[in-house]
Amino acid sequence: MSEAQIKPATVEHLPAIRDLAVVIWHAHYPGIISREQIDYMLGRMYAIETLRDELANHSMRFERMLLGDALIGFAGYGPTEDKKAWKLHKLYLLPQQHGRGLGSQLLRHCETQAQSLGAQRMLLNVNKRNTGAVAAYQRNGYAVSDSVCVNIGNGFVMDDFVLVKNLT
């Protein structure tokens, strides 16, 4: 099997990222959040217009993880109001690719890119019930710094831990 490659995503890659998000979320999130919340969040966060706006107007960077020509994962990250902190907004990998170090590889790539642009810290939110992801981030040097519950509309909340890692 070939090595995974990480390449920047541009506007033309956004439909493939959206389609992969749908597959991953429907495979991973049942049991963590309801099917209704999965569909609601996918509709809001992965609409092509939303992704395009994040890429164009919010300085978000998207990275694609490829195995050969196959898209197997992606990440989205960008600066925060605190110029020394960047936020990882999205990092997803097909479930059949878990356990091979690929998620950590993609995470390190995002950290390195952010650090090269002045970031001293990377932060992220992860659902409190997503214990596998919490453990994976902790293995990669992240620590829980806060707990938040954010109303996202339609009767749904994001009940998350905020994790932080110093990059310097």
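Read the figures in this text as sums done on the coordinates, not as results from a lab. Computed from a predicted structure; not experimentally measured. As a convention, Cβ positions derive from the backbone with ideal geometry for all residues, glycine included, and neighbour counts pool all protein chains shown.
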Next on the checklist: Nearest 5 percent is fine: what portion of the DSSP beta bridges confined to the chain is antiparallel?
Outcome noted: 90 percent
Item to check | Residue with peak Gaussian network fluctuation, the chain [Cα springs, cutoff 10 Å], from Glu49, Glu111, Glu81 | outcome: Glu81
Checklist entry - Normalised by the residues of the range 56-112, what does the relative contact order come to in percent, with Cα pairs under 8 Å and at least six apart? => result 27 percent
Item to check | Estimated FRET transfer efficiency (Gln105, Asp69; beta-carbon r; R0 22 Å; 0.05) | outcome: 0.75
Checklist entry - Rounded to two decimals, what is Rg over Rh for the chain when you use alpha-carbon atoms and the Kirkwood radius? => result 0.93
Item to check | FRET efficiency, 1/(1 + (r/R0)^6) with R0 45 Å, evaluated for Glu3 and Glu81 via beta carbons | outcome: 0.75
Checklist entry - What list of ³J(HN,Hα) couplings, whole Hz, do you get for the range 136-144 from phi and the Karplus terms 6.51, -1.76, 1.60, once you set θ to phi - 60° and write x for glycine and proline? => result 5, 5, 5, 4, 9, x, 8, 10, 5
Checklist outcome for this item: Contact order relative to length for the chain, counting C-alpha pairs under 8 Å separated by 6 or more residues, stands in percent at 18 percent
Next on the checklist: Sort 117-130, 29-42 by packing, meaning the average of other beta carbons within 10 Å per residue, with the highest value first.
Outcome noted: 117-130, 29-42
Item to check | Net length gained if the chain between Ser145 and Arg52 were fully extended (0.36 nm per residue, minus Cα distance) | outcome: 30.4 nm
Checklist entry - Tell me, how many Å apart are the Cα centres for the range 29-48 and for the range 64-84? => result 19 Å
Checklist outcome for this item: Hits in the range 128-168: amide N under 19 Å from the 7 Å Cα→Cβ extension of Ser59, namely 165-168
Next on the checklist: If R₀ is 45 angstrom, what is the calculated FRET efficiency for the pair Gln120 and Glu36, using the beta carbon separation as r and rounding to 0.05?
Outcome noted: 0.70
